[in-house]
Amino acid sequence: MALQGNDKKPITDEIAVVTVRDRWSTYPSQGLTPERLARLLKEADQGDILRQMELFEEMEEKDPHLFSLLQTRKNAVLGLDWEVLPYSDAREDQEIANFVADVLYNLDGLEDAFLDLLDAIGKGFAISEILWQVKKGKAMPYDLRWRPQKKFSFLVGDEPRLLTASDPVRGVELPANKFIVHHYKARSGHPSRAGLLRVVAWMYLFKNYDLKDWVVFAEVYGMPLRLGKYDASATPEDKEVLLQAVRELGTDAAGIVPKSTDIEFVESKVGTADVYTALAEFCNKEMSKAVLGQTLTSDVSDRGSYAASKTHAAVRQDLVEADCKALAATLRRDLIRPLVQFNFGDTTRLPWIKFHAEPPEDLVQKARVYTALVRDIGLPISAEHIYETFGVPKPNEGQALVAPRNQSAALPLKAAGPPGAIPEPAPPPGSTAAQRAVDLLADRTMEEALPMLDELIRPVLRMIAEASSLEDLRARIAEVYGHMDTSRLEDLIARALYVADLLGRWSANG
């Protein structure tokens, strides 16, 4: 497991160091207009993504609804269990997988690194730098540090280039085996246009306009109109004093005016916030559709319901599985591959990370299916498979076992006498006695079944007699068939089969 030559050693220096300057922002959302937003997006299309990424950071900070949607999308992946699976069952592949799993499970902040990489969902791409160390001939990462997207550029090609002091415009190519570059493609196109925040940028702008006007409306609508009146003989100085007094009354609620002036307070009688509410809700729903694929798991209004949200949650399952597969593929390419290369040399048999994103099984329904397969069809199923499927530990020898419920209590036999009853036979051990009991059971079952069959067939015979043609008979039978009650006959047959099974067991066991 030693390093495979000097050319296989990792870069242990930290390359993309985050400086104080990287924490500065131009805050492009301040005074954002459609013209400024369009210009900002065009800059990103040309490869300069700085202001677009600064805007995306502000969008998450300023819009709680958008922040919640993105957190929901990320946490859907972070909340899953994961494991490292070997390339094959071969001993060498198992050894490689065990080594990779041991490194990852002991890597501090790995879950935080997953969160950083999932930032690509909103911004289109996310990059973390691998900080390598070499101990006892083994190369292992000791940290995965997130790097802000605005430290990179797309001015040359479709792959991000690191902006440095020596090349702050075009950037330099990223060295191999040093960075984890996770891409998210909400749609086809250039990586700078692939993030979900780019999709919802216009909804954010319109909602921002709406909230500003809503706040102004609330301020004006909540205060009465202050109307000042002056005489025709008032001088310009008197008018200025009156205007100043009216303005100060809005904030100070106190003031003095000449006796000859008059101030009237006019209460607002009209005005509604419905239009602002509707626009804000519309923008929120459009964002929810873009990020989660639906709206009811994020907004259950008076027209929604919990059941509807459960139905729509299934739509999100596709997104969760896609996010897991994309993240697993990135980790395998940019983290597991160099880890195996540095320590084993061969990179053609790489293990991979599997996130358990499968929806939970309905074990109750599955138990019913297994019961039907065994009881009704007679399909043989191993006990080991049942233990594994339902997660029930197999009992060890000497452990106390839970006794099964008495089946005869679950399916009681009716006492002989009342109509439809089958007497419970109790033959002594022996094949002849058992056979006589079976014959008696068959005769008694047929005797009890004949009235039931007659009751079922009687309406059919009546329709045959009354039908004018085969087409008429076919239509009548199809209409009546669904209303035929066979429950009594089914119960009789089930009880007869159950008693016959008991007779067979009695005879076989002596």
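The values are calculated or read from the model by the stated rules, or taken from the named source; none is laboratory data. The shown structure was predicted, so the numbers you read here are calculated from the model rather than taken from an experiment. Reconstructed Cβ throughout: ideal geometry from the backbone, glycine too, with neighbour counts over all protein chains shown.
Scanning segment 120-153 for residues that are of a type in the set (D, E) and more than 30 Å from the chain's Cα centre (by Cα) turns up nothing. For residues that are part of a helix (DSSP H, G or I) and charged (D, E, K, R), scanning just segment 154-213, find the one that is nearest to P28 (Cα to Cα). Looking at residues that are part of a helix (DSSP H, G or I) and charged (D, E, K, R), I get R198. Check segment 395-406 and report whether any residue there is surrounded by fewer than 11 Cβ atoms within 10 Å (Cβ to Cβ), among the charged types (D, E, K, R), over 15 Å from A500 (Cα atoms) and at pLDDT below 80. Checking segment 395-406: at least one residue is surrounded by fewer than 11 Cβ atoms within 10 Å (Cβ to Cβ), among the charged types (D, E, K, R), over 15 Å from A500 (Cα atoms) and at pLDDT below 80. The set of residues in segment 323-366 that are of a type in the set (A, V, I, L, M) and part of a strand (DSSP E or B) contains only I353.
When every residue of segment 176-185 is checked against the conditions, none turns out to be surrounded by fewer than 20 Cβ atoms within 10 Å (Cβ to Cβ), touching a residue at least 24 places away in the same chain (Cβ under 8 Å) and over 30 Å from I11 (Cβ atoms).
The residues in segment 346-387 that are surrounded by 11 or more Cβ atoms within 10 Å (Cβ to Cβ) and in contact with a Lys or Arg (Cβ under 9 Å, 6 or more places away or on another chain) can be counted, and the count is 8.
Residues in segment 151-170 that are more than 25 Å from I336 (Cα to Cα) and surrounded by fewer than 20 Cβ atoms within 10 Å (Cβ to Cβ): L155, V156, G157, T164, A165, S166, D167, P168, V169, R170.
When every residue of segment 123-144 is checked against the conditions, at least one turns out to be part of a loop (DSSP other than H, G, I, E, B) and buried (at least 19 other Cβ atoms within 10 Å of the Cβ). Just one residue in the set D63, D22, D48 is of a type in the set (D, E) and either more than 30 Å from K178 (Cβ to Cβ) or in contact with a His (Cβ under 7 Å, 6 or more places away or on another chain) (or both); that residue is D63. Residue count for segment 449-480 satisfying the condition of being assigned to a helix (DSSP H, G or I) and either in contact (Cβ under 8 Å) with a residue 40 or more places away in the chain or over 25 Å from L497 (Cβ atoms) (or both): 22. One residue alone among A101, A44 is among the hydrophobic types (A, V, I, L, M, F, W, C) and surrounded by 18 or more Cβ atoms within 10 Å (Cβ to Cβ), and that residue is A44. Among the residues of segment 420-431, is any surrounded by 10 or more Cβ atoms within 10 Å (Cβ to Cβ), modelled with pLDDT of 85 or more and farther than 30 Å from P451 by Cβ? Scanning segment 420-431, I find no residue that is surrounded by 10 or more Cβ atoms within 10 Å (Cβ to Cβ), modelled with pLDDT of 85 or more and farther than 30 Å from P451 by Cβ, so the answer is no. If the condition is being closer than 22 Å to L327 by Cβ, of a type in the set (G, A, S) and exposed (fewer than 12 other Cβ atoms within 10 Å of the Cβ), then segment 73-93 contributes only G79. The helices (runs of 4 or more DSSP H) found wholly in segment 3-119 and carrying at least 2 residues that are within 19 Å of K207 (Cα to Cα) and within 23 Å of the chain's Cα centre (by Cα) occupy 50-62, 64-78.
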